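Just below is one structure, and these are the notes that go with it.
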Amino acid sequence: MLIYSMGVSVDGFICDRRGGFDWTAPIDELFRFHLARVGGLGAYLLGRRLYEAMRVWETDPSLRDGADANEFADVWCALPKIVFSRTLDDVQGNARLAEASVTDEVAATLAATDKDVEIGGAGLAATAFELGLVDELRMFRYPVVVGGGTPFLPPVAEDVALDLVESRTFGSRVIYERYRLVRDAPA
């Protein structure tokens, strides 16, 4: 299953107008939820900006300042990552640059694991969503309105039906929403 998961403002943005997302910093309860979620993945497909933002977990030892952070760094470093970029020549850690189309890389990544695969980065995830490759949306809705920025989802030409399969409110008032895309039933 291909999952698109990000922190999002109430008005649907993953970054504000200045590109900031400091309002998405998780508290302990939410961080542990992310740790368990990422620990269950078989691979991660990332756009360049998300790869660069997350690379610190592999390169900055100061982030290993507690048991949960250390465990997350270990999980993240071990997770196979495929990076989509037109500007990077190489990547670090357990990552490789994508060599094929989004469709082909998603298919190959899903075929290589029996676990869920996550995709992240607004542009990359939007492409996968538009191609009908995303099976689930997992939103962490933060109690903030930012008024513009990078949208969680691309504009769509037709309605996309969703089933809410899980929701949870964390102590920080962040609401986790898990939606499965409703696929047309075979004729």
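The values are calculated or read from the model by the stated rules, or taken from the named source; none is laboratory data. Every value quoted in this text rests on a predicted model; they were computed, and no experiment measured them. Glycine gets a Cβ as well: all are built from the backbone with ideal geometry, and neighbour counts include every protein chain shown.
Observations on the structure shown:
- A count restricted to region 81-91 and to residues that are in contact with a Phe, Trp or Tyr (Cβ under 9 Å, 6 or more places away or on another chain) and either surrounded by fewer than 17 Cβ atoms within 10 Å (Cβ to Cβ) or in a strand (DSSP E or B) (or both) stands at 5.
- Restricting region 20-30 to residues that are surrounded by 15 or more Cβ atoms within 10 Å (Cβ to Cβ) and part of a helix (DSSP H, G or I), the residue that is modelled with the highest pLDDT: Leu30
- Positions within region 115-149 being acidic (Asp, Glu) and either part of a strand (DSSP E or B) or in contact with a Phe, Trp or Tyr (Cβ under 6 Å, 6 or more places away or on another chain) (or both), in sequence order: Asp116, Glu118, Glu136
- Arg173 meets all of the listed conditions (1) touching a helix residue (DSSP H, G or I) at 6+ places or on another chain (Cβ under 8 Å); (2) in a loop (DSSP other than H, G, I, E, B); (3) closer than 18 Å to Gly7 by Cβ but one, namely (1).
- Take the conditions (1) modelled with pLDDT of 95 or more; (2) among the small types (Gly, Ala, Ser); (3) farther than 26 Å from Pro151 by Cα; Ala43 misses just one of them, which is (3).
- Screening the candidates Thr109, Thr103 for the property of being out of contact with any Phe, Trp or Tyr (no Cβ under 8 Å at 6 or more places or on another chain), exposed (fewer than 14 other Cβ atoms within 10 Å of the Cβ) and either assigned to a loop (DSSP other than H, G, I, E, B) or of a type in the set (Ser, Thr, Tyr) (or both) yields one hit, Thr103.
- Of all residues in region 36-53, those satisfying the criterion of being of a type in the set (A, V, I, L, M, F, W, C), under 13 Å from the mean Cα position of the chain (by Cα) and within 26 Å of Pro143 (Cβ to Cβ) are Val38, Leu50, Ala53.
- All positions within region 1-15 that are in a strand (DSSP E or B) and of a type in the set (Gly, Ala, Ser): Ser5, Gly7, Ser9
- Test for Thr150: is it under 17 Å from Gly47 (Cα atoms) and out of contact with any Ser or Thr (no Cβ under 8 Å at 6 or more places or on another chain): yes
- All of (1) modelled with pLDDT under 90; (2) surrounded by 14 or more Cβ atoms within 10 Å (Cβ to Cβ); (3) not aromatic (Phe, Trp, Tyr) hold for Arg48 with one exception: (1).
- Every condition in (1) out of contact with any His (no Cβ under 9 Å at 6 or more places or on another chain); (2) surrounded by 18 or more Cβ atoms within 10 Å (Cβ to Cβ) holds for Phe72 except the one numbered (1).
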